[in-house]
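Q: My questions all concern the structure below.
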Amino acid sequence: MLGKTKRFFVETLDELKKVAWPVKKELGKSTIVVIIGMLLISFYVSVVDFSLFNVVDFMIKCVRG
């Protein structure tokens, strides 16, 4: 069991050495893209939620009279 665990970590470190890590400039641009995407999706979900809430609220008011 200990040998398998050691082998796992050795192979993991070997694979991490093969990764093409982004430079600081690329990382900054990627972070900005993710934040902008998150804000756009959050805005969309908020608009849909608000709209559906108002539709359901209107329907409930119509049923109750």
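Q: What is the P(r) of region 23-65, as percent of Cα-Cα pairs per 5 Å bin from 0?
A: 5, 21, 12, 13, 10, 9, 9, 6, 6, 4, 3, 2, 0
Q: Need the list of lysines near K18 for cross-linking: C-alpha distance under 25 angstrom, and skip anything on the same chain fewer than eight residues off.
A: Hits, sequence-local ones excluded: K4, K6, K29.
Q: Let me ask another. In the chain, with Lys and Arg counted as +1 and Asp and Glu as -1 at Cβ, which of these residues, L40, W21, M1, has the Cα nearest the positive end of the dipole, that is, farthest along it?
A: The listed residue farthest towards the positive side: M1.
Q: Using 7 Å Cα-to-Cβ label points, what is the M59/K4 separation (nm, one decimal)?
A: That separation, rounded to one decimal, is 5.3 nm.
Q: In debye, nearest 20: dipole of region 23-65 around its Cα centre with unit charges on the Cβ of K, R (+) and D, E (-)?
A: In total the dipole reaches around 140 debye.
Q: For n ≥ 4 DSSP H runs only, could you compute -39500 (n - 2.57) per run for the chain, divide by its residues and tell me the 222 nm figure to the nearest 500? Walk me through the numbers on the way to the answer.
A: Numbers: 2 runs with 58 residues, N = 65.
It comes out at -32000 deg cm²/dmol, rounded to the nearest 500.
Q: Could you run the Karplus curve 6.51 cos²θ - 1.76 cosθ + 1.60 with θ = phi - 60° over region 4-16 and give me ³J(HN,Hα) per residue in whole Hz, x for Gly and Pro?
A: 5, 5, 4, 4, 4, 5, 5, 5, 5, 4, 4, 5, 5
No value in this document is a laboratory result; all are computed from the given coordinates. Since the structure is predicted, the reported quantities are computational estimates derived from the model, not experimental observations. Neighbour counts run over all protein chains shown; Cβ positions are idealised from the backbone, glycine included.
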